[in-house]
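Below is one structure; the comments refer to it alone.
Values quoted throughout were computed directly from the atomic coordinates according to the rules given, and no laboratory measurement underlies them. From a predicted model like this one, the values you see are computed outputs, not experimental measurements. Here the Cβ is made from the backbone with ideal geometry for all residues, glycine too, and neighbour counts use every protein chain on show.
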Amino acid sequence: MVGSTTEWRKLCELVRSAPKPSDRTEEERNRLLALISQETPLKALHFDARQAIASSLSYHKEAKAGAELVRASELQAPVCPWRLILWGTVEVKIAAGPSRTSHILTKGDIVGDNLTLKALPEGTTIATKEDGCEFLCLQRTDYETLVRGLDEDELDRRVQFLSELVVPLFASWSPDQLRTLAKRLFVRKYTSRQVIVREGEPGSELFFIAKGECRVVREIELTTKGAAHSLKKTVKLLELAVLHVGEYFGELAPKAIQVDTNGKHRLENEKDAGEQQESPSAKPSGKPPDAEGHRAVSKMKQTLSRGKNDTQKGDTADSTDSDSDEEFPAADDINTYNLPTEPGVRQATVFSHTPVELLVLFLEPFQKLVVGNPLQRMREYAKGYPTAAEIRHQYAQQLEWSAFKMGLVNDIINC
């Protein structure tokens, strides 16, 4: 994230006028040091490293869109310069599972750090998206000597983050295992109101929320009464959950887990229990359904989060949320049942409600690393996600309650 537009403009003007380190006066080097210390990710380094970097940074401009900055062959053994984007946009074309997705980098973002390159799937390329992109560049040897410490600090933060997830997926993992996973995470940033995953599209990534807030919505087909007691079908987009820092989403499609199949018996059981307690002709009791009155599907939100919330209450001696390895089958057993050869499709849409920063795990490391207890935890928590039938049922209850309230208010007004 960059600072003020004015200061950034000063940085661009300085390096354009003196593109090579040898072209700059001592005063200009000091100004460059001050600017990168305030306006760039380099500000996290200690002073001596920043001073050495300010004396080594060169300015470079790519004239044409499509200029390849990182070749696919360089991902695991990069030789490209480390680049800080001064102006323009860069496209990361990610080979994710059966499809390719794009991620856009803009001013202040970094191209060429080891941590990012080694997390990207094989076949990914990085290239300028428009003409005239401008960069501050550092040769690879200088990067390895002066900047690589930023990667180590970031790894430490990720390990801490993974160890404190709302659902403790990796509670039984060692720091070395967490570090291996942390190295395979790719950072993606979104502004407010951007769709991250879309219902019905193929999905091959798992997302952890590092900053910000996301919302989960799902298209549900409903049957309602129309004119002359006719029935009509409509499709509504219903909000199911709000996700916060430390939560995850996207695990269903890569593992081909079907929410509607997982939970298909719950609604039938609830209906059977209800029919034993009241007759079919029973009228609304005047009490709201199990959901909050102002949300049509708030019970679904509670259901979606209940496994995650339960883990925050502490484990008892006989709790099924224990972190012990004994609660789940061995990793070898888990790896042999119903693992998909191809990822499935997204079963809900997730969008950013605020600006968000996500840590993305792509398909290959997801399939390879998330096994044993973490995989089984995901499967177990997914059983609590609401099915389409449950959402329809809850929505119908809410409509019934709303109609009862409206009728009651009208009766009172007309008395």
Taking θ = phi - 60°, what integer Hz values does the Karplus form 6.51 cos²θ - 1.76 cosθ + 1.60 yield along the stretch 167-175, in sequence order, with x for Gly and Pro?
8, x, 4, 10, 4, 8, 7, 7, x
Using distinct alpha-carbon pairs, which all enter the 1/r mean, Kirkwood radius of the stretch 38-104 in Å:
14.7
5 Å is the cut-off here: which amide hydrogens, built 1.01 Å from N in the peptide plane, fall below it relative to A65, excluding neighbours closer than 5 in sequence?
D131, G132
When the Karplus curve 6.51 cos²θ - 1.76 cosθ + 1.60 is applied with θ = phi - 60°, which whole-Hz ³J(HN,Hα) does each residue of the stretch 75-81 get, with x for Gly and Pro?
4, 8, 9, x, 10, 5, x
Using θ = phi - 60° and Karplus 6.51 cos²θ - 1.76 cosθ + 1.60, couplings along the stretch 344-353 (whole Hz; Gly, Pro as x):
x, 10, 5, 9, 7, 9, 10, 10, 7, 7
Within 9 Å, Cβ to Cβ, of I220, how many net charges do the neighbouring residues add up to if Lys/Arg are +1 and Asp/Glu are -1?
+1
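Would you please report the Å³ per residue occupied by the convex hull of the alpha carbon atoms in the stretch 115-203? Present the calculation step by step, with values, prior to reporting the outcome.
On the way: hull volume 17.3 nm³, N = 89.
With only Cα atoms used, the stretch 115-203 gives 195 Å³ per residue.
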